[in-house]
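The values are calculated or read from the model by the stated rules, or taken from the named source; none is laboratory data. Predicted, not measured: the structure shown is a model, and the values here were computed from it. Cβ: placed from backbone, ideal geometry, glycine included. Neighbour counts: every protein chain shown.
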Amino acid sequence: MDPSAALLAGLVAGLAIAVQVGAVSLLLIEASIASGPRAGVAAGMGVATADFTFAVVAAAAGGAAGAALAGHERAIRIVAGATLAAIAVHGLAGLARSRAAGGAAESDAAEPPSGRGHYARFLAITAVNPLTIASFAAVAAALSLDGVLAAAAFAAGVGLASGAWHLALPLAAGHAGRWMTPRVRRGLAVGGRLAVLAIAAHLALGR
């Protein structure tokens, strides 16, 4: 496959995977609403960095990456589910402490204050779900990427698509959050954490 076709394939694959509404997207929207678009963009770039890294590994290893993970999918799902559940419970506990202390109800007490903190947090959250790399590996193997240029173009396409989506989403959510009352923001924060718990349970218990 020539590099231009590999780039296009990476763009399509990256966008298709990025736009799926999952636990990371819900947490990203909530963080953007609670802390503003600047913090949300930093968090989104953390997600995009993890996606790009996964795409690099998938393009370099091809089907080998997917094959290595295939035999451990059940264990990976349990670990990912447990991690997401811990993140959701931690967030709910922070919201409860904030309300009990009479603090700003709209803020998550556990929210990192800096853009760097948001970036690192969402990079880590995305990295704990190796199922994403299996998706990229399946696409890369199907495309039969030949040569370094084609592999690099595929990874670059994934990175560009994921970066664009995870830039637009937090910007929209962050600006929308400015029009919401503290009660609405708190309700969204609680609802988002409960949705993440439901996704975590599906990951851990699903087949």
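Looking across V79, V89, V56, one residue alone is out of contact with any helix residue (DSSP H, G or I) (no Cβ under 7 Å at 6 or more places or on another chain), modelled with pLDDT of 85 or more, assigned to a helix (DSSP H, G or I) and over 14 Å from L123 (Cβ atoms). It is V89.
None of H175, H166 is touching a residue at least 24 places away in the same chain (Cβ under 8 Å) and within 13 Å of the chain's Cα centre (by Cα) except H166.
It is to be established whether one or more residues within segment 123-146 are at pLDDT 90 or above, closer than 24 Å to I76 by Cβ and either of a type in the set (V, I, T) or in contact with a Leu (Cβ under 9 Å, 6 or more places away or on another chain) (or both). Checked segment 123-146: no residue is at pLDDT 90 or above, closer than 24 Å to I76 by Cβ and either of a type in the set (V, I, T) or in contact with a Leu (Cβ under 9 Å, 6 or more places away or on another chain) (or both). Assess whether A172 counts as being part of a helix (DSSP H, G or I), out of contact with any Leu (no Cβ under 6 Å at 6 or more places or on another chain) and surrounded by fewer than 16 Cβ atoms within 10 Å (Cβ to Cβ). Yes, satisfied. The set of residues in segment 1-21 being closer than 10 Å to G157 by Cα and either among the polar types (S, T, N, Q) or not in a helix (DSSP H, G or I) (or both) consists of S4 alone.
In the set E106, E30, only one residue is closer than 30 Å to P182 by Cα and either of a type in the set (F, W, Y) or at pLDDT 75 or above (or both); that residue is E30. In summary, V41 fulfils each of the numbered conditions (1) more than 20 Å from S162 (Cβ to Cβ); (2) of a type in the set (V, I, T); (3) at pLDDT 80 or above with the single exception of condition (1).
Filtered by the rule that a residue be surrounded by fewer than 17 Cβ atoms within 10 Å (Cβ to Cβ), in a helix (DSSP H, G or I) and either within 14 Å of the chain's Cα centre (by Cα) or of a type outside the set (A, V, I, L, M) (or both), segment 128-157 gives a lone residue, L131.
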